[in-house]
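The values are calculated or read from the model by the stated rules, or taken from the named source; none is laboratory data. On a predicted model such as this, the values are computed, not experimentally measured, just so you know. Here Cβ is always computed from backbone atoms with ideal geometry, including for glycine, and neighbour counts include all displayed protein chains. Keep in mind that these areas ignore ligands, DNA and RNA; they rest on the heavy atoms of the full protein, side chains included. Shrake-Rupley method; radii C 1.70, N 1.55, O 1.52, S 1.80 Å.
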Amino acid sequence: MQRLSRYTLPLMAAWRELRFAKKAGRLARAHYHRLRKKRPELNGQALYQAFVCERNAIDESTAQAILRRAEDSFAAWPNNRDLIFRDVVQYLVISEYLASHPERGGTTVNMTRIIAQIIPGQL
């Protein structure tokens, strides 16, 4: 029985991570489209900040800090480029998953790849 759980527990964890990332990515994409429709004048950093503020019910300064961390995590390395919406979603989803599962030291699945399948790079 212990041998079976040794193999099934990691598979279950990977399945939960996959579901979490897919659901969060779809919700983020839907929220993005609602925000674009509601506030079409926003783009770039201002749009991302408004998205983070609304999605997480936080103030602008906290959202700016999240955007900086997302940029540091995904846009500054390995290649220096402008922050894109996908970076923001990847940072939020991975951070939230890890915060909700503190017993895990990381993720089993590549959540960035899952998010990339849901959030186009040109949003």
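Tabulated results
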| quantity | calculated |
| --- | --- |
| Pair list, Cβ under 6 Å, 6 or more apart: segment 32-53 residue under 15 Å from GLY121 (Cα atoms), other residue of a type outside the set (Lys, Arg) | TYR48/LEU67; TYR48/VAL88 |
| Filtered residue count, segment 14-44, keeping only those that are under 18 Å from the mean Cα position of the chain (by Cα), open to solvent by less than 90 Å² (accessible area, probe 1.4 Å) and of a type outside the set (Lys, Arg) | 13 |
| Single residue of ALA24, ALA30, ALA13 found to be more than 18 Å from THR107 (Cβ to Cβ) and small (Gly, Ala, Ser) | ALA30 |
| Search result, residues across segment 21-42 that are part of a helix (DSSP H, G or I) and either charged (D, E, K, R) or over 23 Å from ALA75 (Cβ atoms) (or both) | LYS22, LYS23, ARG26, ARG29, ALA30, ARG34, ARG36, LYS37, LYS38 |
| Scan of segment 99-116 for residues that are open to solvent by 30 Å² or more (accessible area, probe 1.4 Å) and either touching a residue at least 60 places away in the same chain (Cβ under 8 Å) or closer than 15 Å to PHE74 by Cβ (or both), ordered by number | ARG104, THR107, THR108, VAL109, ASN110, THR112, ARG113, ALA116 |
| In segment 45-78, the residues that are open to solvent by 90 Å² or more (accessible area, probe 1.4 Å), acidic (Asp, Glu) and at pLDDT 95 or above | GLU60 |
